[in-house]
Amino acid sequence: CSRWEEEKKEDGVKWKQLEHRGPYFVPPYEPLPKDVQFYYDGKPLKLSLATEEIATFYAKMLDHEYTTKEIFQNNFFHDWRKEMTSEEQEIIKDLDKCDFGEIHKYFVDKNEARKALPKEEKQKLKEEADKIQEEYGYCILDGHREKIGNFKTEPPGLFRGRGEHPKMGMLKKRIMPEDVIINCSKDSKIPKPPEGHKWKEVRFDNTVTWLASWTENIQNTFKYIMLNPSSKLKGEKDWQKYEVARRLKDVVQTIRAQYRKDWKSKEIKKRQRAVALYFIDKLALRAGNEKEEGETADTVGCCSLRVEHIQLHPQLDGQEHVVEFDFLGKDSIRYYNKVSVEKPVFKNLQLFMKNKDPSDDLFEHLNTTFLNKHLQDLMDGLTAKVFRTYNASITLQEQLKALTNPEDNVAGKLLSYNRANRAVAILCNHQRSIPKTFARSMQVLQEKIDAKKKQVEEAQEEVKKAEDEFKDTKDAKAEVYVEKKKKLLKRLEEQLAKMNIQATDKEENKQIALGTSKLNYLDPRITVAWCKKFGIPIERIYNKTQREKFAWAIDMTGEDFEF
């Protein structure tokens with residue numbers, strides 16, 4: 001039996017045996033060399049060790065746009081001053097008078113030197129890293145040696161956050177063994193803390209899958225050391241996630257009929273729930289939890305939408321009942337979309353917005369708990385996220401059916417696959433900013449295409465010349481020569497076609513992030529089945545890490561799989 005199908009444990013129990021070495025702690029701070037100095041108000045100033053370390057965090061980021069943002073500067077300076085000695089606090093009162101230039105240059109040079117190391121030196125560093133990985137990067141779980149995802153604690157530094165995060169620039173403190181809770185099995189070798197330290201606590205909790213945890217000081221959230229995505233535990237969880245989404249397929253029509261009926265409900269609460277659910281289903285919006293104000297960036301999801309986030313247009317661009325969405329979603333990614341909705345939805349939105357201020361909640365009677373409780377009643381295990389997974393996977397499957405031409409060569413089929421994946425990324429609003437290197441790499445590709453075109457034209461000339469010669473001489477040797485030239489032309493034309501496909505793909509993809517949906521929302525069995533059906537090597541779509549994560553799907557899927 002494969003390791004995916006071993007005996008099931010009783011409910012809630014995730015493992016019987018768990019043994020590991022605990023987290024690998026970031027090495028201690030190395031002081032700057034004597035000749036690298038910090039200057040205050042033009043004069044060199046020797047900093048205490050703790051203060052110097054925090055100064056290096058800021059110095060390393062000087063060429064980053066973060067350090068130009070006022071909120072980042074203020075948060076940094078506030079936290080830095082808290083860690084200074086009283087003498088330093090007396091002197092250092094103004095960030096503008098601080099000169100980190102020499103420290104910045106020191107780290108830039110150090111980086112360059114590391115890149116320029118001879119091959120043997122680099123190999124030696126790699127071997128040292130591999131040794132740490134061997135020692136700390138694996139655990140024993142129910143008799144299997146499993147890879148751990150992130151076995152190192154996060155190094156101290158300055159918090160960045162996504163989007164315009166109000167806490168950017170704050171000091172992320174060093175994690176000490178005294179902050180860490182260890183989780184393992186009672187009868188295992190319990191990991192030893194580093195010399196002279198002790199753990200915060202050792203637990204034997206087999207209902208959770210984490211190996212160690214601590215609280216980070218900025219958001220006060222828990223951080224965990226978990227298993228690698230390729231591990232059996234994660235693979236099973238992934239598999240179950242898609243199985244739940246497949247169950248939704250059988251009841252989705254009933255659910256849609258239900259929320260349509262609820263648009264006319266006598267209870268405003270039910271109407272709001274039904275409209276929100278329509279958005280979650282049709283537009284794959286995230287549910288949007290309530291959040292502490294001022295704690296995080298002002299981002300919203302479906303349930304937390306405010307009146308200011310939508311505009312209603314009875315008519316727009318030749319369509320009726322258009323809702324124009326504009327808000328910041330998860331990770332401060334802007335969601336902007338104009339959607340023609342069904343008339344009752346439009347009427348309800350008009351009703352929900354009546355006599356409200358822009359900053360009022362659109363669905364004031366709705367929260368995610370109430371919504372997910374309703375979804376759970378409709379189907380066991382159903383949450384708003386399942387809709388995203390379901391709609392993403394079903395979209396990929398339908399697009400692949402519609403776009404794949406069995407006559408195409410591999411490059412053509414891969415373009416169709418990426419186009420199907422793009423349709424999903426657009427549905428889920430997975431954007432990226434245009435890569436800095438985009439214009440340059442596009443130019444390089446264009447130059448290659450132009451050179452190849454020239455080769456094709458020359459080859460066409462040569463075929464014509466060879467054919468003329470054969471007409472004149474009717475010589476067998478000349479005939480072989482014609483065939484040879486035709487073969488070359490065909491090869492060059494194929495290469496040109498492949499490059500053109502590459503350019504199209506690159507251009508269409510410049511602002512879209514395919515990775516998120518590929519890793520988190522798309523049932524890998526759809527992809528594996530498609531590859532088997534059309535004879536596409538799986539490594540053309542999934543890289544090594546992805547193949548390890550989806551080993552469960554690659555093992556068990558035939559070409560006839562239907563999501």
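The values are calculated or read from the model by the stated rules, or taken from the named source; none is laboratory data. Bear in mind the structure is a predicted one, so any value in this text is a computation, not a measurement. Neighbour counts are summed over all protein chains in view; Cβ atoms, including those assigned to glycine, are modelled from backbone coordinates with ideal geometry. To get the accessible areas, we keep the full protein, side chains included, count just its heavy atoms, and leave off ligands, DNA and RNA. Shrake-Rupley method; radii C 1.70, N 1.55, O 1.52, S 1.80 Å.
Scanning region 399-443 for residues that are closer than 26 Å to ASP331 by Cβ, among the β-branched types (Val, Ile, Thr) and open to solvent by less than 60 Å² (accessible area, probe 1.4 Å) gives a single hit, VAL424. No other residue among LYS490, LYS506 is of a type outside the set (Gly, Ala, Ser), more than 32 Å from the chain's Cα centre (by Cα), open to solvent by 30 Å² or more (accessible area, probe 1.4 Å) and within 20 Å of VAL410 (Cβ to Cβ) apart from LYS490.
Taken over region 68-85, residues that are in a helix (DSSP H, G or I), open to solvent by 30 Å² or more (accessible area, probe 1.4 Å) and of a type in the set (D, E, K, R) amount to 4.
Checking LEU285 against (1) open to solvent by 30 Å² or more (accessible area, probe 1.4 Å); (2) at pLDDT 90 or above, which test does it fail? The single condition LEU285 does not satisfy is (1).
For every residue, the table says whether it meets (1) modelled with pLDDT of 95 or more; (2) part of a strand (DSSP E or B); (3) acidic (Asp, Glu); (4) more than 29 Å from LYS152 (Cα to Cα).
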site	(1), (2), (3), (4)
LYS34	no, no, no, yes
GLU53	yes, no, yes, no
PHE57	yes, no, no, no
ASP63	no, no, yes, no
TYR66	no, no, no, no
GLU90	no, no, yes, yes
GLU112	no, no, yes, no
LEU125	no, no, no, no
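Confirm whether LEU227 is in contact with a Cys (Cβ under 7 Å, 6 or more places away or on another chain), under 26 Å from PHE159 (Cα atoms) and surrounded by 15 or more Cβ atoms within 10 Å (Cβ to Cβ). No; evaluated as a whole, the condition is false for this residue. Before we move on, is LYS46 of a type outside the set (Phe, Trp, Tyr), open to solvent by 30 Å² or more (accessible area, probe 1.4 Å), free of Cβ contacts under 8 Å to residues at least 40 places away in the same chain and outside the structural domain of PRO155 (by the TED database)? When the stated conditions are applied, LYS46 passes them. For region 303-361, the candidate set comprises residues that are small (Gly, Ala, Ser), at negative phi and outside any strand (DSSP E or B); within that set, the residue that is least open to solvent (accessible area, probe 1.4 Å) is GLY329. When only residues in region 196-214 that are of a type in the set (Val, Ile, Thr) and more than 13 Å from HIS20 (Cα to Cα) count, which is most open to solvent (accessible area, probe 1.4 Å)? Selected residue: THR207. For the residues GLU134, GLU88, GLU112, the requirement of being surrounded by fewer than 10 Cβ atoms within 10 Å (Cβ to Cβ) and closer than 27 Å to ASP35 by Cβ singles out GLU112.
State yes or no: is ASN367 of a type outside the set (Val, Ile, Thr), out of contact with any Phe, Trp or Tyr (no Cβ under 9 Å at 6 or more places or on another chain) and over 16 Å from PHE534 (Cα atoms)? Criteria met by ASN367. One residue stands out in region 517-563 among those that are surrounded by fewer than 16 Cβ atoms within 10 Å (Cβ to Cβ) and under 17 Å from TYR242 (Cβ atoms): the one that is nearest to the chain's Cα centre (by Cα), namely ASN520.
So ALA257 clears everything in (1) assigned by the TED database to the domain that holds THR209; (2) assigned to a helix (DSSP H, G or I) except one condition, right? Which one? Every listed condition holds for ALA257 apart from (1).
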